There are 4 protein chains.
Amino acid sequence: MIIVLKQGASPEKIEELSRIFNKMGVSVNAWHGTQETVLGLLGDTASIDIDFVKAQPIVASVKRVQEPYKKANRKFHPDNTVITLPGGQVIGDGSLTLIAGPCSVESEDQICGVAQRVKAAGANFLRGGAFKPRTSPYAFQGLRAEGLELLQEARKKTGLPIVTEIMSASHLDLFEDVDIIQVGARNMQNFELLKELGKLDKPILLKRGLANTLSEFLMSAEYIMSGGNEKVILCERGIRTFENFTRNTLDISAIPILKNRSHLPVVVDPSHAAGITWLVEPLSMAAIAAGADGLIIEVHNDPARALSDGAQSITPDQFDIIAKRLRKAKAVLSAEGLDTGVTAI
Amino acid sequence: MIIVLKQGASPEKIEELSRIFNKMGVSVNAWHGTQETVLGLLGDTASIDIDFVKAQPIVASVKRVQEPYKKANRKFHPDNTVITLPGGQVIGDGSLTLIAGPCSVESEDQICGVAQRVKAAGANFLRGGAFKPRTSPYAFQGLRAEGLELLQEARKKTGLPIVTEIMSASHLDLFEDVDIIQVGARNMQNFELLKELGKLDKPILLKRGLANTLSEFLMSAEYIMSGGNEKVILCERGIRTFENFTRNTLDISAIPILKNRSHLPVVVDPSHAAGITWLVEPLSMAAIAAGADGLIIEVHNDPARALSDGAQSITPDQFDIIAKRLRKAKAVLSAEGLDTGVTAI
Amino acid sequence: MIIVLKQGASPEKIEELSRIFNKMGVSVNAWHGTQETVLGLLGDTASIDIDFVKAQPIVASVKRVQEPYKKANRKFHPDNTVITLPGGQVIGDGSLTLIAGPCSVESEDQICGVAQRVKAAGANFLRGGAFKPRTSPYAFQGLRAEGLELLQEARKKTGLPIVTEIMSASHLDLFEDVDIIQVGARNMQNFELLKELGKLDKPILLKRGLANTLSEFLMSAEYIMSGGNEKVILCERGIRTFENFTRNTLDISAIPILKNRSHLPVVVDPSHAAGITWLVEPLSMAAIAAGADGLIIEVHNDPARALSDGAQSITPDQFDIIAKRLRKAKAVLSAEGLDTGVTAI
Amino acid sequence: MIIVLKQGASPEKIEELSRIFNKMGVSVNAWHGTQETVLGLLGDTASIDIDFVKAQPIVASVKRVQEPYKKANRKFHPDNTVITLPGGQVIGDGSLTLIAGPCSVESEDQICGVAQRVKAAGANFLRGGAFKPRTSPYAFQGLRAEGLELLQEARKKTGLPIVTEIMSASHLDLFEDVDIIQVGARNMQNFELLKELGKLDKPILLKRGLANTLSEFLMSAEYIMSGGNEKVILCERGIRTFENFTRNTLDISAIPILKNRSHLPVVVDPSHAAGITWLVEPLSMAAIAAGADGLIIEVHNDPARALSDGAQSITPDQFDIIAKRLRKAKAVLSAEGLDTGVTAI
């Protein structure tokens, strides 16, 4: 951490501040320029609160040299994290994981029907929302506990492990039999929830918030990991910008950056990023070429009758076509080593 | 709600869609142009999910004419909501409410000391965080339950009602003796929490999310109000933009717009919006002139030793000066009827 | 165009407004609901100024049904525009165009050296800045006229056509012997310049502005095309968001959207989008998979000594490697029909 | 300037880089930590290109300590710049400057009529567009040279100096008799135009770009000032964000920040910021309270017939009312010293 002091900071004040940092376990080196004095902090500065430093009266500005995340940091964990489920399914091993299913679980017929279709098309996981975060209190809020049961029913019929979103730590006991718990974009910084998920031994699919930086995203992963649960899957699902043709703006750079800075698997949600079905395929292609470990795609048996997100859901027939093309793209790029998101230079 | 259909939509499909809308309790009028057909929906369309409409295969685009919020809507509640606390304190009656106190409660001495100082300077409420949403799991997380007790202690000593943030519905019983419960920006769309707060009979200070539109903000207020709790105070605290001189960008337009579209009181948090102490006063002045009902300002006895947000906290001595100037500005503008945020034209 | 009128608009006022629209050459259909009246405008509404409509006292809101661009619109020009240069080079025919070269032309040795290297590596065009838009007046502003001469020299030696940026209509005569004139992001809405370029018979590479919507981008293309010059190449180069890990945020969705709405070729500039060399390859891969017609990549003989943009420039040796990999990715995807940016569903 | 080097940078490479900086006229101090080496640059670093530094292979990251602008910097020019026109009008002396008039000059009757009305209401300057930057090539582009003549006619009749926008350096001779030349938001980084304006001896009203940081804004002012013309008036007119209720988002913080970092006068354009007439007054009130030196307000004799921006234009009758209220607000705040935008703490 590099700290630029204000002009005129007295030696006594500098000494006093240095002692504070020493007590935090880091050593301080001062460098005196003609106008400014700069302090360099050495040691584990991840736990030093940058706001605390900025608040010191003699501090002009601060610059972190080290990333504030440790468990999520590739520097301290050079190998890719590969997540293996009890049933043997694997995420992050270089293969392409396809997670597919409806936005909301609506009925047994619906979820089991979609599950069978996406399984047949080659999906590895079934997604489906039981608890639904809706902007309006008057919109369908999900089947809740019943939805979770229907997902388990669909898993029984197809063998597909299930991915579903949690909205409150108070629902945790209902999620015991869920294979991967999803944290939605709006809860990326629901820190109380993240802490509870950190106590589990179960993969967490963490979605990036609509206006969160990649550094904040990794800090939310760090919340879960610092609690002991290192099975975190990062999910880029579009950020909020001024562009309004799409529902959100897919930040494709997030894939190679997250894979560079972190060792965690990265999946992409083209359905929420775009909000338009005809963009699902090209954005998925781009994600594969940029190194994504997986895709999470909304598939609904009857999008026009979907209780949520119909406009971005594709049909099982369409998923048949797209899944085939995505697998093919992955295969031909992978055969040439062009699908890693890591530059050859 | 105006729905533009795709070219070539068949009369049968249009008829089918109209029947669906009829079942939702609205009537449909079709207008056939040479190229497009447009449907106009009449009745209470607030409960119609716009995503559902977009998902219909024959729909090209949709436009809401009515706002999707009802309880929060000034159209159905023309008078300003005035919130009165059991102790007689009032928010939204045209006076300027000053809410002041430290970011975090740190000790009894600290919170009681600050409380006495801000009370002496004319604050109406004491703020202080017991549960702290921090980006890093390694940062100070607040004194939690103990912090709430210390706030109550400070209230006992000063008579100031307390405003403090809740981070999870599971903590609700701890907040029984809190006067105003704050929902932080990161939880603005924590819908499960909002639903629980809707069951209380206690004012909720709801902060706008960092990347949420004003319409979404009012929909979150609607979540609380639709549950039965209509005592919602809206708080603008800066949004996230590309500008990085300030921590966030204060959206000053939010004040007159929220007061125009809604009847709820609007307060502004200049401390979080700016993140810099020397901006607290000019932004507060602007907020008053734009019609804000109150201000929530971070005051810390020793910002350089604050466990959080020191860089944006002012001292009690500084609050003495600023509070006096803000009260004066409010008084001179108010005397001329220039502080309402409502245009005279 | 659909116009929702305010409640209480009188029949006389509606009649008056309708006559105004009739004079503009469009016909008006009124649809009277119980509360609102809606007007539907039929005919060529592209030339109707939406601001004019909004300004009418009886108008509540307006919605465009037709896109405001015509020449750039795929609806009126279903086939892809393929741009062929006098020397036979082609952009937009399904092949991958590689445009490479330094940010700034610095000397004859430098530009000719880089030109020979990128040609050998398979580039189709040489890029290089003679006039440089720099944020600071104290930064290197380019070799200007001399730079253009050196580019022509490099073209003579390599046969590569040259792409270089114009910053003012007053420099147009200097650009007579330039093969493709580039309009930089900061000049995307320099309408006086666009009008002048519309009079030429020469391809224009138009970069998207840092905060411009895709609709505005196409309107800027329309400026050039409406003047008679239909040889416009659209270039996505990153937009400005809150994320600051990268210099800008590459909007990958722009590729399939621009190709869907327009018939013009779309190229991507990963160097400016990222601002970091190790992101150039993964972003280029993503762009190819999303359907880009070409890439414009900064290559400098000695990035550390570059007079501008060194941090995002790769070396000729690195370009050798990357160009080969990009060509390979294009080839394997293309062989399977997976590189078009158009969904198969 | 503080430069953090990559781990493992060799002493030779560090020495080599230091020599380069020495040649640029700055001295270098190296500070060797256990893991990183940090270089501190002393002297006039404003002319050092930060991109150049980032491009050095041994550099990990860079932090500017000094602002890159000099002429615009309050540090080197502590007193407020007060701009006095030949006719005696003054901007930046603590009074409130009102600039009013239509978006576009449309006819002699129109501009002279509006001029007389706004003069009677207390405006100090007449604004009016002759050259109009329009998103669409099919929209009204302004009366151009004729419009400038009509503005001069209006000045003759009222004595109000005129403010009007230039769109290209090639029009400069037409602007000889204009009192204040405006640079629009879309041309804030039209550097060739800025350079030409730097050669004049005439005030320039420079509007902030829709997505430009305050630092970039001041660098554009620096372009003009470094050419010799120090009469620059900064204009905040709203930035582009995700919020779409308003046309743009007024960045109210820009006022106190620009006045803190720079000595130049700051005016605010509430009409373009909001795009809605009923927001013009509250945003103007906020701007005054935050320390603005002036306001630029769109006034049109018949907004519904305006050829541009009618939706945000108020009528002369409305301007009568608002101008009176704004003058009153300024007066009562000023009497108490509450209108400076400078905090008392």
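Couple of notes before you dig in:
- B:G88 vs. criteria assigned to a loop (DSSP other than H, G, I, E, B), free of Cβ contacts under 8 Å to residues at least 12 places away in the same chain and in the same structural domain as B:L160 (by TED's automatic domain parsing): yes
- Of all residues in the stretch D:132-148, at least one satisfies being of a type in the set (D, E, K, R) and open to solvent by less than 30 Å² (accessible area, probe 1.4 Å).
- Flag for D:R155 being among the basic types (K, R), surrounded by fewer than 19 Cβ atoms within 10 Å (Cβ to Cβ) and under 22 Å from D:I204 (Cβ atoms): no
- Verdict on C:R117 being under 22 Å from C:S308 (Cα atoms), open to solvent by 30 Å² or more (accessible area, probe 1.4 Å) and in contact with a strand residue (DSSP E or B) (Cβ under 9 Å, 6 or more places away or on another chain): yes
- Residue selected from the stretch C:22-61 under the condition hydroxyl-bearing (S, T, Y) and within 23 Å of C:E216 (Cα to Cα), by the criterion farthest from the other protein chains (Cβ to nearest Cβ): C:T45
- B:G122 meets all of the listed conditions (1) away from chain A (no Cβ under 14 Å); (2) within 21 Å of A:F191 (Cα to Cα) but one, namely (2).
- Residue list for the stretch D:262-317, restricted to those being buried (at least 24 other Cβ atoms within 10 Å of the Cβ) and of a type in the set (D, E): D:D269, D:E281, D:D293, D:E298, D:D309
- Just one of the listed residues (C:T84, C:T97) is among the polar types (S, T, N, Q), open to solvent by 10 Å² or more (accessible area, probe 1.4 Å) and in contact with a strand residue (DSSP E or B) (Cβ under 7 Å, 6 or more places away or on another chain), and it is C:T84.
- Given (1) under 15 Å from the mean Cα position of the chain (by Cα); (2) farther than 19 Å from A:R74 by Cα; (3) within 10 Å of chain B (Cβ to nearest Cβ), index of the condition A:K195 fails: (1)
- Test for B:L206: is it within 14 Å of chain A (Cβ to nearest Cβ) and surrounded by 23 or more Cβ atoms within 10 Å (Cβ to Cβ): yes
- Close pairs from the stretch C:318-333: first facing chain A (nearest Cβ under 9 Å) and without any contact (Cβ under 8 Å) to a residue 40 or more places away in the chain, partner open to solvent by 50 Å² or more (accessible area, probe 1.4 Å) and assigned to a helix (DSSP H, G or I), Cβ under 8 Å, at least 6 apart: C:V332/A:A335
- Test: residue in the stretch D:87-95 that is within 12 Å of chain C (Cβ to nearest Cβ) and either farther than 30 Å from D:D201 by Cβ or not hydrophobic (A, V, I, L, M, F, W, C) (or both): no
- Residue selection: D:R74 fails the criterion of being open to solvent by 30 Å² or more (accessible area, probe 1.4 Å), over 30 Å from C:L307 (Cα atoms) and among the charged types (D, E, K, R).
- So B:Q66, is it polar (S, T, N, Q), closer than 30 Å to B:D309 by Cβ and open to solvent by 30 Å² or more (accessible area, probe 1.4 Å): no
- Considering residues of the stretch B:91-108 that are part of a loop (DSSP other than H, G, I, E, B) and not small (G, A, S) only, the residue nearest to B:K330 (Cα to Cα): B:L96
- Looking across the stretch A:228-250 at every residue that is within 9 Å of another protein chain (Cβ to nearest Cβ) and over 10 Å from C:S253 (Cβ atoms), the one that is most open to solvent (accessible area, probe 1.4 Å) is identified as A:N244.
- The requirement of being under 20 Å from C:A60 (Cβ atoms) and either surrounded by fewer than 19 Cβ atoms within 10 Å (Cβ to Cβ) or over 39 Å from the mean Cα position of the chain (by Cα) (or both) is satisfied by B:A46.
- Candidates B:L234, B:L160, B:L218, filtered to the one that is touching a residue at least 40 places away in the same chain (Cβ under 8 Å) and under 23 Å from B:G88 (Cβ atoms): B:L160
- Tabulated pairs, the stretch D:294-311, first at the interface with another protein chain (Cβ under 7 Å from one of its Cβ atoms), second among the hydroxyl-bearing types (S, T, Y) and in a helix (DSSP H, G or I), C-beta under 8 angstrom, 6+ apart or interchain: D:P303/D:T277; D:D309/D:S271; D:A311/D:T277
- All told, B:R327 meets the bar of being out of contact with any Cys (no Cβ under 6 Å at 6 or more places or on another chain) and under 23 Å from B:I233 (Cα atoms).
The values are calculated or read from the model by the stated rules, or taken from the named source; none is laboratory data. Predicted model only: the values in this text are computed from it and were never measured. Neighbour counts are summed over all protein chains in view; Cβ atoms, including those assigned to glycine, are modelled from backbone coordinates with ideal geometry. Heads up: the accessible areas ignore ligands, DNA and RNA and are worked out on the full protein's heavy atoms, side chains in. Shrake-Rupley method; radii C 1.70, N 1.55, O 1.52, S 1.80 Å.
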